[in-house]
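Below you'll find the structure, written out as structure tokens, and then a few comments.
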Amino acid sequence: MTPPRASAWQVGLTGGIGSGKSTVAAMLAACGAAVVDADQISRQLTAANGAALPAIAQVFGPSLIATDGALDRARMRELIFRQPQARQQLEAIIHPLVGQETARQAQEAMAQGRRMVVYDIPLLVESGHWRRQLDAVIVVDCREPTQIDRVVARSQLSPDAVRDIMAAQASRRQRRACADIVLFNDSIPLPHLQAQVSLVARSFGL
């Protein structure tokens, strides 16, 4: 590993749906890493009183705000299905706000003396710009049938719906091509995954 460019290692963590990325993020946090969860930040921005809601209401109309004051996700999904350009409009609102909050949380972690900041980013490969900002990228990988089985088991989604989500994400090959470290999380006991993660954490000084 080359030395970190900042006061702490800046490490990206990604993986396809059902890969176990969230489990690995929790394990890294238990080892002492600061985890910045881009998905969680996005959800907070579109929850009741979220910072993204005024701009969403202005661009898409107040009907996209549910009665509880949060983004009406079902209506937004329908709108994006009918008008694909709506996705770009929504991302143009949310992504800069996610970037600001991500940077704030990372700076706070480094000010606290954390030695490793892990950016949990599902679409790290797809975004294109993240790789240049990171010291390393960890990819959690597993076979596609395993992804489908896991997501079906934990959600109300059908196998075809999971395949549609996977088709919109980067492929396993694309993610692995961007990886500095690959954690293969397929049909292995949880302690074995924990052992892999612990080795990775130690390699970053945790």
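The values are calculated or read from the model by the stated rules, or taken from the named source; none is laboratory data. Bear in mind the structure is a predicted one, so any value in this text is a computation, not a measurement. Heads up, the Cβs are rebuilt from the backbone with ideal geometry, glycines too, and the neighbour counts pull from every protein chain shown. Only protein heavy atoms, including side chains, enter the accessible area calculation; ligands, DNA and RNA are left aside. Shrake-Rupley method; radii C 1.70, N 1.55, O 1.52, S 1.80 Å.
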Practice problem: Would you mind computing, in nm to one decimal, how far apart the modelled labels at A29 and R143 are, each placed 7 Å from Cα along Cα→Cβ? | Solution: 3.1
Practice problem: Over the stretch 137-206, average the accessible area per residue using a 1.4 Å probe and give it in Å², no decimals. | Solution: 56
Quiz item: Within the chain, what percent of beta bridges assigned by DSSP are antiparallel, to the nearest 5?
Solution: 5
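Can you compute the FRET efficiency between I188 and A92 using 1/(1 + (r/R0)^6), with r the Cβ-Cβ distance and R0 = 41 Å? Round to the nearest 0.05.
0.55
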Practice problem: Would you mind calculating the gained length between C178 and Q58 on full extension (0.36 nm times residue separation, minus the Cα-Cα distance), in nm to one decimal? | Solution: 39.5 nm
Self-check item: Accessible area, probe 1.4 Å, largest first, for residues R114, R132
Solution: R132, R114
Self-check item: Computed lengthening from D164 to A66, 0.36 nm per intervening residue step minus Cα-Cα distance
Solution: 32.7 nm
Quiz prompt | Rounded to 10°, Cα long-axis angle of helix 144-154 versus longest principal axis of the chain | solution = 60
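Helix-only estimate, please: 222 nm mean residue ellipticity of the chain, summing -39500 (n - 2.57) across DSSP H runs of length 4 or more and dividing by its residues, to the nearest 500. It would help to have the intermediate numbers written out before the result.
Working: 10 runs with 108 residues, N = 206.
That calculation yields -16000 deg cm²/dmol at 222 nm.
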Quiz item: What is the gain in length, in nm to one decimal, between R154 and R202 on full extension, counting 0.36 nm per residue of separation less the C-alpha to C-alpha distance?
Solution: 14.1 nm
